[in-house]
Amino acid sequence: MGKRHKKRRKSERSLLHLLIFIFFVLMFYAVKLMPSAAYPLLSRLLGLIAFHTMRSSKRLVLKNLDIAYGDSMGRKEKNLICKNLFSSIVLNFCETVQIAKISAEKLIVMSVIEGEENLYAALKQNKGVVGISSHMGNFPRFQAVLVKKGFPVNFSSRPPSGVYLARFFK
């Protein structure tokens with residue numbers, strides 16, 4: 001691969017990251033302005049668009065479903081799971097943005113923590129608790145609820161691969 005080709009690929013990647021950033025920021029503010037009742041419809045629509053346009057992500061999800069389920073599940077079922085996954089990701093994004101729109105009291109009322117008494121017991125004894133979460137469900141909302149309830153919370157994650165998104169989240 002020549003220098004010219006590498007430079008072009010780097011420019012294309014940079015442009016792609018910029019376009020993703022612009023789309024993300026527009027979505028962030030659009031979701032912030034829209035009523036939460038619209039989130040399910042928006043997530044279905046954008047999830048379907050993602051299913052049909054994000055080919056490499058779709059292939060990865062379907063490959064993982066093939067590994068997990070093999071031939072015990074048909075292609076139609078796997079595609080449905082993949083579509084639902086993309087929709088869930090959009091819905092989680094909407095719900096995460098919603099955290100900034102609602103009061104701490106409303107957020108707490110909307111959320112239930114099973115085993116919360118164990119967290120209070122550890123806090124009372126001045127002991128820490130290590131919680132490990134997979135990248136499933138709306139874990140940022142869970143973190144916000146813990147903070148709003150007065151628990152000291154720390155988390156670690158890797159920064160986004162796009163330079164513009166990484167700056168946005170700093």
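Among the numbered conditions (1) among the aliphatic types (A, V, I, L, M); (2) closer than 30 Å to Leu33 by Cα; (3) open to solvent by 50 Å² or more (accessible area, probe 1.4 Å), the only one that Ile132 does not meet is (2). The residue list Leu60, Leu165 contains one member that is surrounded by 13 or more Cβ atoms within 10 Å (Cβ to Cβ) and either of a type outside the set (S, T, N, Q) or more than 30 Å from Ala37 (Cα to Cα) (or both), which is Leu165. Could you look through the range 56-80, keep only residues that are touching a helix residue (DSSP H, G or I) at 6+ places or on another chain (Cβ under 6 Å) and free of Cβ contacts under 8 Å to residues at least 24 places away in the same chain, and pick out the one that is nearest to Arg44 (Cα to Cα)? Per the stated criteria, the residue is Lys78. The residue list Pro159, Pro140 contains one member that is within 30 Å of Leu26 (Cα to Cα), of a type outside the set (Gly, Ala, Ser), under 16 Å from the mean Cα position of the chain (by Cα) and not in a helix (DSSP H, G or I), which is Pro159.
Residues in the range 3-16 include none that are in a helix (DSSP H, G or I), touching a helix residue (DSSP H, G or I) at 6+ places or on another chain (Cβ under 7 Å) and among the acidic types (Asp, Glu).
When Val130 is tested against (1) more than 17 Å from Leu91 (Cβ to Cβ); (2) out of contact with any Gly (no Cβ under 9 Å at 6 or more places or on another chain); (3) at pLDDT 85 or above; (4) not in a helix (DSSP H, G or I), only condition (3) is not met. The test for being open to solvent by 50 Å² or more (accessible area, probe 1.4 Å) and either in a helix (DSSP H, G or I) or without any contact (Cβ under 8 Å) to a residue 24 or more places away in the chain (or both) does not hold for Lys101.
The values are calculated or read from the model by the stated rules, or taken from the named source; none is laboratory data. This structure is a prediction, so every number in the text was calculated from the model and none was measured. Cβ coordinates were reconstructed from backbone atoms using ideal geometry, including for glycine residues, and neighbour counts include every protein chain displayed. Protein only, heavy atoms only, side chains kept; ligands, DNA and RNA dropped before computing areas. Shrake-Rupley method; radii C 1.70, N 1.55, O 1.52, S 1.80 Å.
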